[in-house]
Amino acid sequence: MYIYDKFDHAITSERVAEFSQQVTRRLAGELSEDQFRPLRLMNGLYLQLHAYMLRVAIPYGTLSTKQLRKLADIAKKYDRDYGHFTTRQNLQYNWIKLEQVPEILAELGSVEMHANQTSGNCIRNVTADQFAGVAGDEVEDPRIISEVIRQWSTFHPEFSFLPRKFKFAVTGAAKDRAAIQFHDIGIHIVKNDAGEIGYAVYVGGGMGRTPVVAPLIKPFVARHELLSYLEACLRVYNMHGRRDNIYKARIKILVRDLGPVEYARQVEEMWPLTRASGVDVPAAEVARIQAFFAPPVYETIKEPVAAFEESKKRDKAFANWVKNNVHPHKVPGYGAVTISLKPIGGIPGDASSAQMHQIADLSDKYSLGEVRVTHVQNLVLPNVKQADLFAVWQRLGEIGFAESNIGLITDIIACPGLDYCSLANARSIAIAQRLSEHFADVDRQHDIGSLQIKISGCINACGHHHAGHIGILGVDRAGQELYQLTLGGAGDETASIGTLIGPGFTSDDVVGAIDKVVETYRGLRQNAGETFIEAYRRVGPAPFKEALYGRR
Amino acid sequence: MAVVDRAGPIADSWTRLADDQAPAAGATVIVSFARLKNEHNSLFSAAGKVGVEIAGDVKLEELEPFLPRLGLIVVRMNNMRDGRLFSIGRMLRENYKYAADMRAAGDLIPDQMLYLLRCGFTSFEVKDGFPIDSLRRSVAAYTHWYQRIANSATPVTELRHGAAHGGEP
Amino acid sequence: MHMSNAKVINKVLTANRLRNGETVYYTPAGEWVLYVSQARVATTQEEADELAKIGAAAYAANLVIDVAVIDVTPGAEKKPSHIRELIRATGPTVRADLNKPITPPKK
Ligand code: SF4
């Protein structure tokens, strides 16, 4: 874990003091709402349907148990006793009072957390692979460079009033678990032929109204030059991105309009200028940050671990959970546990204060005191000994988070939708709940296999529906909630955008429609091993269209 | 309308010249960029000091030849959310080595001025009644910064590792 | 005057309180309260315009933000007509435990 030094602490507490001033000036009427809005947004504060919503950053998805307990305590003291983990590895509180926000930010600061730049037209929280540091297929722990980026982007004077929001994602692994090509800038840590670590930089991906898979703009940027390269990318955007139309203001539109080649050329032209300003961090600073992410001390354990193997044999439900929710660890005898925040019929990503405390306790006991947040709205215990997995699973059962559905059809992403969000057209959570109940049967879920359903309540696509194997988009048709289906999206290293399959379905019909899609897949797959997305890519949309709408 | 710097109101000796108005001999004038491009020879010889007002869509290469002789650049934005201002300021200072007064104009709030100062601006055109106390508080809000930028304080990286490690120029 | 030509409308003024974000409604007594059933109803366009003016003034006075004049059903209950406003008035449909009634609970 990164640990703040006196400078980080000073900057964080000065920020709290600054925002406290701004709130006072707003309440006194010195600042109008128009003037205040960008300031509050840059402190993570929105106005939603029912109240203010505060979005807390969980940089690159890593939490200490102390931080998780603080999040729980804030939920209890200042909100309604729960929080919502989002697709951008943030935590949202839904019932916040403006007057209390400075106090909440101070509480966050006391555990080295903040809500800086979790909204607004600035550089947002950097997301990363949730298995950072424990995945076997990793070139380098992505949190190192993510923390470098976090500091560089914090209160960046040049890039705090961009045309639109700006999101980074980083992965250090071959398998992309951070959906980097759906971000404004996606960074893939790579090794060149000389064995040096550097960064492949993808620019101009995104969801929203115009989904785009980001093109590769620069295959290799050396570590000591990354920040100046990023500044060049951002400056070209800040100077030339569109400000006349909010729907065309993201960098993806600039890159598309210029063409990736021309955009890359302009960045190259700008790069010597940003390099000359000395923004790149020295090796000593990277080394300092790297030291915080040194692997913890693991025990030497010989696999197979007899007790673990026996428990799996003895208990089929446990074996299922291991199969789905435990990811291989680079250290023998350990596993990385994904805690499903998707209990059947539950609200995806929600956890109560009590549950957060219980998970913190569990991590202290069994996972070296660390917790991760995934962009699929689940939590991870990254360092659990195989011998402890059975106990962890049993305890999770008591907490209500032992569903063995990671990557399966009930592991649904859903944005807050019309139940909370002031921009929504339709409800998302309610659909997720009904789908989850419809497909609750464990054996059926396993038979269906890997299948990601992602639901957004409006075209902003916070629920990543474009990247869902099955995507659901809520729209408003004459005051009625209507749901459009997209098929064939994927957010991993084979990133693709789902195709709209036809006219939308009413809330009553949408579950049945998804069931038809699933049954069509089961009928046409070549064997039990062919996943939904593989089958879809092989056969295309036609059979699904026919099943949904009949022959035309 | 008033002009302020980081400490508060300052005297403003500049007068704005309409495009059809001739400068008085030795006057301190702000002209449009179009006029500067067309009449720079006569302007620089007639007026005492010449400043120019530019907008967000400026091509800095076109401004470059005049920079050494300019006494003021006013960068105007019509919307406080138009962040091109910040990039223009930094480029003028860091890359074009422009050294004289640089003024931001538009519907700015005190809280943005700290960032503008860090991007190289030195003065601001504001409406009458601008909250000076808030300005003074806002520009003093932070003692440390992560980034090495234009004319701002020593970045945290350098404080952590000493000047020798303070990043390559 | 003949009412038959005028379009029948039922509108109330809503906003969120600046200080704490609460969803509130404007009453005949000129207060902002939590329950839509207590709201002042406009049944003519002039009355609706009047509500909009009151809302704009309250916004300018930094009392409330996100001001809107919305449709409600006729009758005592004054249920917001559009589902978005109904959810705003009563709370998330997926958390019955956090819902708020349309009329204030009896003491
Ligand atoms: S996708 Fe739309 S409805 Fe869902 S959270 Fe984002 S803005 Fe709100």
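When the pairs B:LYS49/B:LYS127; A:LYS302/A:LYS330; B:LYS59/B:LYS97; A:LYS175/A:LYS342; A:LYS66/A:LYS365; C:LYS11/C:LYS78 are compared against a 18 Å limit on Cα-Cα distance, B:LYS49/B:LYS127; A:LYS175/A:LYS342 fall above it.
Interface burial in segment B:104-123, defined as at least 40 Å² less accessible area with all protein chains than with the chain alone at a 1.4 Å probe, covers B:ILE109, B:ASP111, B:TYR115.
Magnitude of the charge dipole for segment A:413-549, about its Cα centre and with charges confined to Cβ atoms of Lys, Arg (+1) and Asp, Glu (-1), is about 280 debye. Computed over segment B:1-40, the percent of Cα pairs more than 17 Å apart is 42. Each label point was placed 7 Å from the Cα along the Cα-to-Cβ direction; for B:ASN95 and A:VAL475 their separation is 4.3 nm. Placing a pseudo-label 7 Å from each Cα along the Cα-to-Cβ vector at B:ASN79 and A:LYS191 gives an inter-label distance of 4.8 nm.
Could you look at the protein assembly as shown and say what percent of its accessible area is carbon and sulfur, using a 1.4 Å probe and all protein chains? Write down the numbers at each step before the final one.
On the way: 16510 of 31510 Å².
Reported share for carbon and sulfur atoms: 52 percent.
Accessible area per residue for the protein assembly as shown is 38 Å², calculated with a 1.4 Å probe on protein heavy atoms, without ligands, DNA or RNA.
Shape index of chain A: Rg/Rh, with Rg the Cα radius of gyration and Rh the Kirkwood radius from the inverse mean 1/r over Cα pairs, equals 0.95. Within chain A, A:CYS122, A:CYS233, A:CYS421, A:CYS458 have no other Cys Cβ under 4.7 Å of their Cβ and so lack a disulfide-compatible partner by this rule.
Counting only protein heavy atoms and rolling a 1.4 Å probe, how much accessible area do B and A lose on contact, total for both sides, in Å² to 100?
Working: alone 9360 and 21420 Å², together 26820 Å².
Its buried surface, counting both partners, is about 4000 Å².
The mean number of Cβ atoms from other chains found within 10 Å of a Cβ in peptide A:148-160 is 6, as a whole number.
Hey, got the dipole for segment C:1-87? About the Cα centre, +1 on K and R Cβ, -1 on D and E Cβ, debye to the nearest 20?
Values: 9 positive and 10 negative charges, 25 e Å.
That gives segment C:1-87 a dipole magnitude of about 120 debye.
Excluding ligands, DNA and RNA and using a 1.4 Å probe, chains A and C jointly bury around 2300 Å² of accessible surface, summed across both partners.
The shape of segment C:11-98 comes out oblate: with a ≥ b ≥ c from the C-alpha gyration tensor, a/c is at least 1.5 while a/b does not beat b/c. Which shape class applies to segment A:17-68: rounded if a/c is under 1.5, otherwise prolate when a/b exceeds b/c and oblate if not, where a ≥ b ≥ c are the square roots of the Cα gyration tensor eigenvalues? It is prolate, given that a/c is not under 1.5 and a/b is the larger ratio. Rounded, prolate or oblate: pick one for segment A:342-453, where a ≥ b ≥ c are the square roots of the eigenvalues of its C-alpha gyration tensor, a/c under 1.5 means rounded, and failing that, prolate if a/b is larger than b/c, else oblate. Because a/c hits 1.5 or more and a/b fails to exceed b/c, segment A:342-453 counts as oblate. Segment A:389-449 and segment B:71-104 have Cα centres lying 51 Å from one another.
Taking the Cα centre of segment A:240-350 as origin, work out the dipole magnitude from +1 charges on Lys and Arg Cβ and -1 charges on Asp and Glu Cβ, in debye rounded to 20.
On the way: 17 positive and 13 negative charges, 85 e Å.
Charge dipole of segment A:240-350: 400 debye, to the nearest 20.
Annotation: extensible slack from C:LEU34 through C:LYS106 equals 24.5 nm (criterion: 0.36 nm per residue apart, minus Cα-Cα distance).
Which value at 222 nm does chain A reach when only helices count, each DSSP H run of 4 or more adding -39,500 (n - 2.57), with the total divided by all residues and rounded to the nearest 500 deg cm²/dmol?
Working: 18 runs with 212 residues, N = 552.
Computed ellipticity for chain A at 222 nm equals -12000 deg cm²/dmol.
Each label point was placed 7 Å from the Cα along the Cα-to-Cβ direction; for A:VAL139 and B:ASP19 their separation is 5.3 nm. Taking chain C as a Gaussian network of alpha-carbon nodes connected by springs under 10 Å, the highest mean-square fluctuation of the residues C:ARG19, C:ARG40, C:ARG88 belongs to C:ARG19.
Burial annotation for segment C:76-107: residues with an accessible-area loss of at least 30 Å² between the isolated chain and the complete set of protein chains, computed on heavy atoms with a 1.4 Å probe, are C:HIS82, C:ILE83, C:ARG84, C:ILE87, C:ARG88, C:PRO92, C:THR93, C:VAL94, C:ARG95, C:LEU98.
GluC sites (Glu not before Pro), restricted to segment A:259-340: which are DSSP loop and have at most 10 other Cβ atoms within 10 Å? Could you put the intermediate results ahead of the total?
On the way: sites: A:GLU262, A:GLU268, A:GLU269, A:GLU285, A:GLU299, A:GLU309, A:GLU310; in loops: A:GLU299.
For GluC sites (Glu not before Pro) across segment A:259-340 that sit outside H, G, I, E and B with at most 10 neighbouring Cβ atoms in 10 Å, the list reads A:GLU299.
The values are calculated or read from the model by the stated rules, or taken from the named source; none is laboratory data. None of these values were measured; they are calculated from a predicted model. FYI the Cβ positions are ideal-geometry reconstructions off the backbone, even for glycines, and counts take in every protein chain you see. Accessible surface is based on the protein model in full, side chains and every heavy atom, while ligands, DNA and RNA are left aside. Shrake-Rupley method; radii C 1.70, N 1.55, O 1.52, S 1.80 Å.
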